[in-house]
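Values quoted throughout were computed directly from the atomic coordinates according to the rules given, and no laboratory measurement underlies them. In this text, all values refer to a predicted model and were calculated from it rather than measured experimentally. Because the Cβ atoms are built from the backbone with ideal geometry, glycine has one as well, and the counts that use them run over all protein chains shown.
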Amino acid sequence: METRQAAGVLSEARRVVVFTGAGMSAESGVPTFRDALTGLWARFDAERLATPEAFHADPDLVWGWYEWRRARVRRAEPNPGHLAVAAIEARVPAITVVTQNVDDLHERAGSQAPIHLHGSLFAPRCAGTGAHPATFPDVEAAMAAEGGRIPPPRCASCGALVRPGVVWFGETLPEAGLTAAVEAAASCDVLLTVGTSGVVHPAAEIPRIAAGAGATVIQINPEPTPLDRVATLNLRGPAAKVLPAVVAAAWPGVSA
Ligand code: BV8
């Protein structure tokens, strides 16, 4: 029932926001943020490892974690949920995709310009100047795959360490991206929130801003989250199954 209701709302929508979290990539085999702590990093708490302090204290441990995650993403493929988001993009008049994820699966599924509120595994930068090095050594895939300490490269122009291009806890989000995401949420008529626990701020405000502005908020998640109370419709289930079903009902004949 909710699928048909969601499809009806989506097919009439003029301005859509799709807001995604780690659950969007779960069925591509990319561990969610909290599941990404196995092996060498099993004894760490994600929210302590994903910080400037952790990188400063042990750059090889933190860089190794991100290179292991990057290697995992490179071996992953976009799932039908990512493809369904790209199918929505091709069919609604205006859309903004906002992701908390640091993988590139939305782009590889065909989404044009997702806003990465928390950065990307594929955009490392100099820890000194913030400049993006032209390239960075592709670590031995085996090394990254097995998970180990890897010394970060050095910036070619200033010699400082190169750091992951992500937003760590305690760091501010990219201003332009956050502003664009907030503006889109405040002016959309439908916001789809997919695969997020809705607990990391300020990103978690995005669905709340849309609801406050009178948008229809549709949540897709197999489990209850704090966003249940702002969602107009709650579709309980995995993104790779539910999103294609909503798209197929909204635009019959479209297989995402
Ligand atoms: C900042 C990059 C200024 C790194 C990440 C207000 C209130 C409380 C706390 C704060 C606040 N304001 C600021 C804070 C502090 C902090 C914060 O929010 N802490 C939380 C934990 C309490 N925020 C910050 O520090 C932010 N910076 O505000 O700067 C400032 C500074 C200091 C003090 C105050 C203000 C920066 C936050 C960004 C951190 N970086 N990522 C990396 O990836 O290593 S966040 C990281 O965790 C991910 O990017 C992701 O966004 C987040 C986890 O969230 P989810 O994506 O939702 O993933 P999660 O695993 O939680 O949930 C997965 C969901 O998927 C689940 O619901 C599950 O049911 C569902 N699921 C599973 N399978 C499927 C599925 N859904 C669909 N289909 C499936 N198959």
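Worth pointing out:
- Tally, over the stretch 47-93, of residues that are outside any helix (DSSP H, G or I) and closer than 22 Å to THR20 by Cβ: 9
- When ASN101 is tested against (1) in a helix (DSSP H, G or I); (2) in contact (Cβ under 8 Å) with a residue 60 or more places away in the chain, only condition (1) is not met.
- Residue count for the stretch 185-231, restricted to those that are in contact with a Leu (Cβ under 6 Å, 6 or more places away or on another chain) and of a type in the set (Asp, Glu): 0.
- When the stretch 184-211 is filtered for residues that are more than 6 Å from the ligand (Cβ to nearest atom), of a type outside the set (A, V, I, L, M, F, W, C) and out of contact with any helix residue (DSSP H, G or I) (no Cβ under 8 Å at 6 or more places or on another chain), the ones remaining, listed by number, are SER187, ASP189.
- Residue among GLY110, GLY119 that alone is more than 16 Å from the ligand (Cβ to nearest atom) and surrounded by fewer than 22 Cβ atoms within 10 Å (Cβ to Cβ): GLY110
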